[in-house]
1. In the stretch 74-91, is there at least one residue being under 30 Å from residue 200 (Cα atoms), assigned to a strand (DSSP E or B) and touching a helix residue (DSSP H, G or I) at 6+ places or on another chain (Cβ under 9 Å)?
2. Out of all the residues in the stretch 208-222, is one or more over 36 Å from the mean Cα position of the chain (by Cα), over 13 Å from residue 128 (Cα atoms) and without any contact (Cβ under 8 Å) to a residue 12 or more places away in the chain?
3. Let me spell it out: the conditions are (1) surrounded by 15 or more Cβ atoms within 10 Å (Cβ to Cβ); (2) touching a strand residue (DSSP E or B) at 6+ places or on another chain (Cβ under 6 Å); (3) outside the structural domain of residue 186 (by TED's automatic domain parsing), and residue 75 meets all of them except one. Which number is the exception?
4. Here is a check on your reading of the model: is residue 203 more than 30 Å from residue 120 (Cα to Cα) and not assigned by TED's automatic domain parsing to the domain that holds residue 95?
5. Just give me the residues in the stretch 203-217 being under 24 Å from residue 147 (Cβ atoms) and either in contact with a helix residue (DSSP H, G or I) (Cβ under 9 Å, 6 or more places away or on another chain) or part of a strand (DSSP E or B) (or both), in sequence order.
6. Is the stretch 182-192 home to any residue that is under 30 Å from residue 52 (Cβ atoms) and at pLDDT 85 or above?
7. Within the stretch 1-12, which residues are surrounded by fewer than 10 Cβ atoms within 10 Å (Cβ to Cβ) and modelled with pLDDT of 75 or more?
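The values are calculated or read from the model by the stated rules, or taken from the named source; none is laboratory data. It should be emphasised that the depicted structure is a prediction, and the values quoted were computed from it without experimental measurement. Cβ: placed from backbone, ideal geometry, glycine included. Neighbour counts: every protein chain shown.
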């Protein structure tokens, strides 16, 4: 007799009965007791803020010996050298990297693991950065989008945009759009990302707008009276990017 996908409800006393061709009946007495135990993972608490303490306890109804070694898994991968206290895994202080799905088991019984429990960690913005689209050459008159990205839980709910050494910018959105960018928009830009657990500014990125020559003019040196036979220099000046 083979039982597949064994469950705790399969625990019972099992006996067999033998029937013969002349209506004889024989029962296997006494029967055999099958006790199916389960391994459970208790997580306290299951949702925390970064820096708090989380305790995971592995419990089983079966007798596994006084020196049982408990094993721990995160997202299906066995943890190496976790901080434990007999049958407990301690995460103190917990970090955003600790978020994930956990299960546990007993050394020597690796095929029997507890159901997974999910740990959710709340934290303020991290790795805040700004990207520029298009990423190549920016020509005056074109459309340019700045995007602020940040890792946070819960997700960032407020963005702030800044231009270095320039006027303050408005717009609480994840993106900042230049519909028709001009040469005056060249400069260094950065953003701030914020949720209820913190705030973090990005490093700055450079927006270099290229444009055709402007304000072309000629100057004469010397600028005063010019005497016949003297040296005179004419200089043509123009504002352009790249330079003329």
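1. First pass over the stretch 74-91, keeping only residues under 30 Å from residue 200 (Cα atoms): 74-75, 90-91.
Pick out the ones that are also assigned to a strand (DSSP E or B) and you get 74, 90-91.
Filter again for touching a helix residue (DSSP H, G or I) at 6+ places or on another chain (Cβ under 9 Å), leaving 74, 91.
Yes, that holds for at least one residue.
2. Yes - at least one qualifying residue is present in the stretch 208-222.
3. Failing condition for residue 75: (1).
4. Working: more than 30 Å from residue 120 (Cα to Cα): no; not assigned by TED's automatic domain parsing to the domain that holds residue 95: yes.
Judged against the criteria, residue 203 is not a match.
5. Result: 205, 206, 207, 209, 210, 211.
6. We begin by selecting, within the stretch 182-192, every residue under 30 Å from residue 52 (Cβ atoms); these are 191-192.
Going one step further and asking which of them are at pLDDT 85 or above, we end up with 191-192.
The answer is yes; a qualifying residue exists.
7. 1, 2, 4, 9
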